[in-house]
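Chemist: For reference, the structure I am asking about is given below.
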Amino acid sequence: MLGALCKVVGVRGAFGLALGLMVMAGYERAPWGLAARLDRSDSARTRAALALTRAGGALTLAADQIRARDKAMKSNGRGEALDAAATAQFWKGQCRAAYDAGYASRSCSGPAADDRVRDLQGLWSAGAYTGRRAAGLPGQPGG
């Protein structure tokens, strides 16, 4: 086949063809050639894939931490709701007991002792807590 090619194109043509193929191969291996560009794009693709893998891992970790935080907040909220209900029940009982004690002390017909429960409404009306008489205060807030 080489002989037939030399007969068709001649020795100069075969030499020129060989030289042209060598120049093309050298061009492709040069830094601006296709092979170098493929190597660079392959390494860039690898770096990008590694960066995406790292970013995916960071997002997974962040999602796990957010889920854990939400779970802790819900648990804390449930505990606080139970505490608030228990506290409200406690103060309801305290208020009821204070009201009952006040009501019982008003309806008691026994003699007044020196260490008796003071009538806070009377003291407040006398201005003991506000600096002025309660009778002068309006019935509803002004603003």
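The values are calculated or read from the model by the stated rules, or taken from the named source; none is laboratory data. This one's a predicted model, so the numbers in the text were calculated from it and none came from an experiment. With ideal geometry, Cβ positions are generated from the backbone for all residues, glycine too; neighbour counts draw on all protein chains shown. SASA here: full protein model, heavy atoms, side chains in, ligands and nucleic acids out. Shrake-Rupley method; radii C 1.70, N 1.55, O 1.52, S 1.80 Å.
Chemist: For Asp39, tell me the accessible area in Å² from a 1.4 Å probe, rounded to the nearest 10.
Modeler: Number for this one is 100 Å².
Chemist: Rounded to the nearest 10 Å², what accessible area does Phe90 show when all protein chains are kept and the probe is 1.4 Å?
Modeler: 110 Å²
Chemist: In addition: Give the span of the range 1-92's Cα atoms along each principal axis, as three whole-Å numbers ordered largest to smallest.
Modeler: Over the range 1-92, Cα extents along the principal axes are 116, 24, 10 Å.
Chemist: Once fully extended, how much extra length lies between Ser43 and Val8, figured as 0.36 nm per residue of separation less the alpha-carbon to alpha-carbon distance?
Modeler: Length gained between Ser43 and Val8: 8.1 nm.
Chemist: Sticking with this one: Applying 1/(1 + (r/R0)^6) with R0 = 25 Å to the Cβ-Cβ distance of Arg96 and Asn76, what FRET efficiency is obtained, to the nearest 0.05?
Modeler: Using R0 = 25 Å, I get an efficiency of 0.25.
Chemist: Met22 versus Gln89, label points 7 Å from Cα toward the beta carbon: distance in nm?
Modeler: Here the modelled spin labels are 9.9 nm apart.
Chemist: At R0 = 22 Å, how high is the FRET efficiency between Ala36 and Phe15 if r is their beta carbon distance? Nearest 0.05 is fine.
Modeler: 0.20
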